[in-house]
Amino acid sequence: MPEVSQWIASYGYGVVFLGTLLEGETVLLAAGYAAQRGLLDWRVVVGLACIGATLGDQLAFALGRWKGMALVSRFPALAHRVPAVHRLLERYHVSLILVIRFLYGFRIAGPVILGTTRLSLSRFSVLNALGALLWSFTVAGAGYFFGVALESLVANVEEVELAAAGLLLLAGFALGWWLSRRATRSGPPDRRSG
């Protein structure tokens, strides 16, 4: 397992930043666990995750401002959610922006949809950064406390560690495959049929 530990120590922070720039839950959970095992610094993991998540959502918000509904309308499964998000934003804009990254299916799509509204960039930016900090602490903390729980249940964690890491990666790949299949099914309509 020394090769895996060396790889995590060498590339872990970069993976955290890039992973949280997009979706990132699986990466951040694994990084929280690695921090508990002493392979990464938990504060750096949370800081990089917060920066990556904030930047990713800022870019998605800007994309929503730039392409707006033309982009959203290409995805029917997403387009039908827009009115509900707009209604929620009118009533609960602070809460919605703080928790949208926690809502399944809205981590990237949510900020794009928010970019189609009249919400100011400065207001979104402040609330987005706070939401990213909350998300980073929560998800990295869950990975960290998973490590603590595993350590208390299993006498020799090193024997189980590789299997747990493999299962976590397998779950991440399975989720990615499933999400990509869902996105393909709800993608743009076939232009040849018209």
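For the reader, a short list of remarks on this structure follows.
- At R0 = 35 Å, FRET efficiency that the Cβ-Cβ distance of Ser5 and Trp177 yields, to 0.05: 0.80
- What you get for the stretch 17-174, charging only the Cβ of Lys and Arg (+1) and of Asp and Glu (-1), is a dipole of about 1060 debye around the Cα centre.
Computed from the coordinates by the stated procedures, all read-outs in this text should not be read as laboratory data. Keep in mind that what you see is a predicted model, and the values were worked out from it rather than measured. Heads up, the Cβs are rebuilt from the backbone with ideal geometry, glycines too, and the neighbour counts pull from every protein chain shown.
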